[in-house]
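Working notes, beginning with the structure itself.
Derivation of every value follows stated rules applied to the coordinates shown; laboratory data play no part. All values derive from a computational prediction rather than experimental measurement. For neighbour counting, all protein chains shown are included, and Cβ atoms are generated from backbone atoms with ideal geometry for every residue, glycine included.
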Amino acid sequence: MRYQISGKQIDIGSALQTHVKEELGSVVEKYAQRPTDAVVVFSRNASEYVCEATVHLSTGLTAQARARAHEIYAAFDACAAKMEKQLRRYKRRLKDHHRTRRQPVELATAPTYILAGTDAGADEAEPDSLQPIIIAEMEAKIPLISVGEAVMQMELVGAPALVFRNEGNDSINVVYRRDDGNIGWIDPGNLR
C-alpha cells in the first residue's frame, strides 16, 4: 500500500510516519482486501491536532475518518479507531463486493462548482441577476455502482449524500441521509 503522510503547517517526524504506516496498515489489511493507497493529513486547530485519513481500495471504494485530540499521536489513534470501526461494520459487504466485482469501479468525471453564498443577515439590494457567482471549479468522480454499494460508500466516507451512476439503468442517482436517520434514494431513471 502506498502512503502519503503530510502535515498542514506542521512538521511530521519519521517516528510518526512509521507509527501511521504500521497501525493503519494493520487495520486496513485486517478488514479490506487489496488497499491501494492511503492519504493521512495532520493539521492543527487551536490547541488540538486534527488527523484526516482516506484509504482507497482497489475496487474504487473509499473509506474516510477524522479525529482530533490534544496530542498528535492520540489524534491519529482515534482516527485509526474510527477507520477500523467503519471497515469492521462493512467487512462482510466489502468482501462480497470483491467477490462479485472483478474489475475496479468505473468512474466518470463531471465538473463541480462552488458558488458564492449570500449573507442572510446583510441588508443588500436585490441582486441584478439570478445567476450565481462561481468562485471555484473542480472535478468530481461519479462511480458506476449499485444502490447498495452507493449506500455503503456514503457511509464509509461519512458523506451526507452521494451522486452515482446506477448499474441497473445507467442513470444518475443520488442517495442521501435523511433527517430522521434513514437513507433516501433519488432515481430519475424512469423519466423520459
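Of all beta bridges that DSSP places with both ends in segment 2-98, some 75 percent have antiparallel geometry. Computing FRET efficiency as 1/(1 + (r/R0)^6) for LEU107 and SER43, where r is the C-beta to C-beta distance and R0 is 25 Å, gives about 0.35. Under the simplified labelling scheme, the LYS141-ASP11 pair shows an inter-label distance of 3.4 nm, with each label point 7 Å from Cα along Cα→Cβ. Peptides 160-169, 8-17 ranked from most to least packed by the mean count of surrounding Cβ atoms within 10 Å: 160-169, 8-17.
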